[in-house]
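The values are calculated or read from the model by the stated rules, or taken from the named source; none is laboratory data. Computed from a predicted structure; not experimentally measured. Note that each Cβ is placed from the backbone with ideal geometry, even for glycine, and that neighbours are counted across all protein chains shown. Ligands, DNA and RNA are excluded from the accessible area calculation, which covers all protein heavy atoms including side chains. Shrake-Rupley method; radii C 1.70, N 1.55, O 1.52, S 1.80 Å.
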Amino acid sequence: DANLNEAFYPTNFFTPQYKPIPTAEYTANPGEEVRFRVLQPHGRARQHAFLLYGHDFEDLLPNYGSGHSPLMSVGKAMTVTIPSAHEGYWLYRDGPNHMWSGGLWGSFQVGTPKVP
């Protein structure tokens, strides 16, 4: 019965220093090309989005939706290519807050950044 649109997280919640949370964690070296294969093999007939903080990538559907956040729907897959990974500890997630709050997120660590 929780309203996940109103969920509050401390600013350091998505860092390893807060508490380890078992989500997919990806790593890369600074400057390395990285590809995320994003898919929604089944589920409800609503779209999801893929957002990656701190990085730009080609808009896969130009002039549709928000830039740099491809929309996914049931039975679809796409590859998001990051030409050059930026050092840091980055969050990737679904777009809408209630999806993010419900667990559609993970981390992407590039290099050995200092995490706040």
Exercise. If Val34 passes every condition in (1) open to solvent by 40 Å² or more (accessible area, probe 1.4 Å); (2) more than 21 Å from Ser101 (Cβ to Cβ) but one, which one does it miss?
Worked result: (1)
For this session: Residue by residue through the stretch 67-103, note down the ones that are in a loop (DSSP other than H, G, I, E, B), open to solvent by 30 Å² or more (accessible area, probe 1.4 Å) and more than 13 Å from Gln47 (Cα to Cα).
Result: Gly67, His68, Pro83, Ser84, His86, Glu87, Gly102, Gly103
For this session: Could you list, in sequence order, all residues of the stretch 97-111 that are more than 12 Å from the chain's Cα centre (by Cα) and more than 20 Å from His55 (Cβ to Cβ)?
Result: Asn97, His98, Ser101, Gly102
Problem set entry | Counted residues, the stretch 104-115 - those being open to solvent by 50 Å² or more (accessible area, probe 1.4 Å) and farther than 24 Å from Asp59 by Cβ | 2
Exercise. Mind checking whether some residue in the stretch 56-75 is at pLDDT 90 or above and touching a strand residue (DSSP E or B) at 6+ places or on another chain (Cβ under 9 Å)?
Worked result: no
